[in-house]
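The values are calculated or read from the model by the stated rules, or taken from the named source; none is laboratory data. Note that the structure is predicted; figures quoted are calculated from it, not measured. Note that we place each Cβ from the backbone using ideal geometry, even for glycine, and neighbour counts take in every protein chain shown. Ligands, DNA and RNA are stripped out before the accessible areas are found, and what is left, the full protein with its side chains, is counted by its heavy atoms. Shrake-Rupley method; radii C 1.70, N 1.55, O 1.52, S 1.80 Å.
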Amino acid sequence: ASCYAALNNKKFPADFMFGAATSSYQIEGAWNEDGKGENIWDYLLHTNRTYSLNGDNGDTTCNSYHNYKEDVALLKNLNVTHYRFSIAWARLLPNGHINEINEAGVEYYKNLISELRANNIEPFVTIYHWDLPQALQDEGGWPSSNIIDVYADYARLCFRLFGLDVKYWMTFNEPKQTCWQGYGVGTNAPGIKSPGIGEYWCAHNVLKAHAKAWHIYDEEFRPRQKGQVGIVIDSNWWEPATNSSEDQEASETKLQFTFGLYANPIFNGDYPEVMKSHIKRRSLAQGFQKSRLPEFTPKEIEYIKGTADFLGVNMYSASLVAAKQNQDVDGMGFDHDDEVKVWYSESWKKGASPWLVVTPWGMQKLLRWIKNQYNNPRMIVTENGYSDYDGTLNDDDRISYIQGYLSGVRDAMVEDGVNVFGYTVWSLLDNLEWVYGFTNKFGLYHVDFNSPNRTRTAKKSVGFYQNVIRTKCLVDECIEI
Ligand code: PNW
């Protein structure tokens, strides 16, 4: 076999993991087949056809429920070390509770996992990627504390059913999007608008549910299964608009409100101070008796602290941040409570997703900030990728995006000593991009949504990523020796 050397320091360690990611609702389809229950996305996109572009939904999407063997063959062709996918809660437990287990759902994930194992691909499993069973939403959803034990039962079932073959678990994908978009501004399912109230109760319960799942694994499963349980948190890099101390502070505040809200209780204990003080001051000024941000008891703080064996980071974009000159004293969402303003520079290249800009220099800065903030945790980039509208096979824009951000990951490792053990591109396939439907395409493989078997075709980025994986090198920066 040939050997590769870097022309610079951009070679990744030999054991660095390179993978690809998807999520259940975005790829599986088969929304009501073989006993699967309805989830909040099924319900929202069926009952409100204006929620998503073109009325698109996940009823069939990539049909991976029936095409999983082909998906694994694509992963094999890419030669990835790992595949990050999620379990559809309502496929396993149609009503969300453990009193009724759907055997066909168990079978599906067992088959997928053994197909991965047979091909030497490590499963990275997200337990919750936004598709709450509708029955649990009817019981109150994430803002309601009864969900903590219900989630813990579901997580225990996942460990019990699949834990002999799964060594990497992620309890939640991007709780910020679940809580803020789902229960704050209402732009994601279940579409509830309760900014700064339901939104924070959601965060509070997600954190307790995460911690409970970690403790269950730690006590009941780790001795035999010897795996790891982490969480995936997303953030932009928030670049100060100027080097004034106000804007520097605004950047730090924004990082605490987006990343710290979830990471600080898990890695350092309790919510970030700046969140507690801002939200309390504003709540009292708004006529509340106490802060809209719930409080953890000292016991809860201890229980949640230290509950991640690794940290998954989803990073796509940077933004500019500045201190607000005129405060909106009435605003209640976390994006008002933070008292900063954020925007994208006009000069940055955009992807198809309205929030996606090409700012590869932000990757190293975010990873370095996380390292310093949380005492250098073991990290893996669990998502990063580029969307276009046309799904072109000649996806040079995607290649240069991935190359740029991967370069930032490597610089963070070499220059800052950040402890990153892998990178996972979003996404293996073009898929249902939530409310943007099929208009935003992130796949390394093109999917023909008009063909009955949803034909998959490799884009140019497949060849690029194969080379990175083979050489452990950003392709034009290494030579064969
Ligand atoms: C993530 N933002 O969502 C999700 O984990 C994936 O399911 C999704 O398909 C992927 O990224 C691409 O969107 C995000 O507004 C949604 O910054 C919104 C944002 C970031 C990530």
Answer from 409, 418, 425 - the residue that is touching a Leu at 6+ places or on another chain (Cβ under 6 Å), at pLDDT 95 or above, of a type outside the set (D, E, K, R) and under 24 Å from residue 310 (Cβ atoms):
418
By residue number, the members of region 400-420 that are within 14 Å of residue 9 (Cα to Cα) and hydrophobic (A, V, I, L, M, F, W, C) are 406, 409, 412, 413, 414
Hey, any hits in region 401-417 for a residue that's without any contact (Cβ under 8 Å) to a residue 40 or more places away in the chain, out of contact with any Gly (no Cβ under 8 Å at 6 or more places or on another chain) and β-branched (Val, Ile, Thr)?
no
I want to confirm something. Restricting to region 393-409 and keeping residues that are among the charged types (D, E, K, R) and touching a strand residue (DSSP E or B) at 6+ places or on another chain (Cβ under 8 Å), which single residue is most open to solvent (accessible area, probe 1.4 Å)?
397
For region 378-391, give me each residue that is outside any strand (DSSP E or B) and either touching a strand residue (DSSP E or B) at 6+ places or on another chain (Cβ under 8 Å) or open to solvent by 50 Å² or more (accessible area, probe 1.4 Å) (or both).
378, 384, 385, 387, 389, 390, 391
Exception for residue 469 within (1) in a loop (DSSP other than H, G, I, E, B); (2) open to solvent by less than 20 Å² (accessible area, probe 1.4 Å); (3) out of contact with any Asp or Glu (no Cβ under 6 Å at 6 or more places or on another chain) falls at (1)
Could you tell me how many of the residues in region 41-70 are part of a loop (DSSP other than H, G, I, E, B), open to solvent by 20 Å² or more (accessible area, probe 1.4 Å) and on the phi > 0 side of the Ramachandran plot?
1
Suppose we keep only residues that are within 13 Å of the ligand (Cβ to nearest atom) and touching a helix residue (DSSP H, G or I) at 6+ places or on another chain (Cβ under 9 Å) within region 376-390. Which one would you say is nearest to residue 18 (Cα to Cα)?
381
If I ask for residues that are in contact with a helix residue (DSSP H, G or I) (Cβ under 6 Å, 6 or more places away or on another chain), under 23 Å from residue 381 (Cβ atoms) and open to solvent by 30 Å² or more (accessible area, probe 1.4 Å), which ones from region 202-260 would you list?
none
More than 24 Å from residue 44 (Cβ to Cβ), touching a helix residue (DSSP H, G or I) at 6+ places or on another chain (Cβ under 6 Å) and part of a helix (DSSP H, G or I): which single residue out of 160, 91, 156 fits that description?
156
Only residues in region 338-366 that are over 29 Å from residue 196 (Cα atoms) and open to solvent by 80 Å² or more (accessible area, probe 1.4 Å) count as the first member; pair them with residues that are at pLDDT 95 or above and part of a strand (DSSP E or B), Cβ under 6 angstrom, at least 6 apart or cross-chain, and list the lot.
350/357
Kindly indicate whether any position in region 108-131 is more than 19 Å from residue 429 (Cα to Cα), away from the ligand (no atom under 16 Å from the Cβ), open to solvent by 10 Å² or more (accessible area, probe 1.4 Å) and touching a Gly at 6+ places or on another chain (Cβ under 7 Å).
no
Among (1) crowded, with 20+ Cβ neighbours inside 10 Å; (2) in a loop (DSSP other than H, G, I, E, B) - the single one residue 375 does not satisfy:
(1)
Restricted to region 168-201, and to residues that are more than 16 Å from the ligand (Cβ to nearest atom) and part of a helix (DSSP H, G or I), which residue is nearest to residue 314 (Cα to Cα)?
200
Could you tell me how many of the residues in region 447-473 are within 16 Å of the ligand (Cβ to nearest atom) and closer than 15 Å to residue 62 by Cα?
2
Does residue 38 satisfy the criteria of being open to solvent by 60 Å² or more (accessible area, probe 1.4 Å) and either over 30 Å from residue 408 (Cα atoms) or at pLDDT below 95 (or both)?
yes
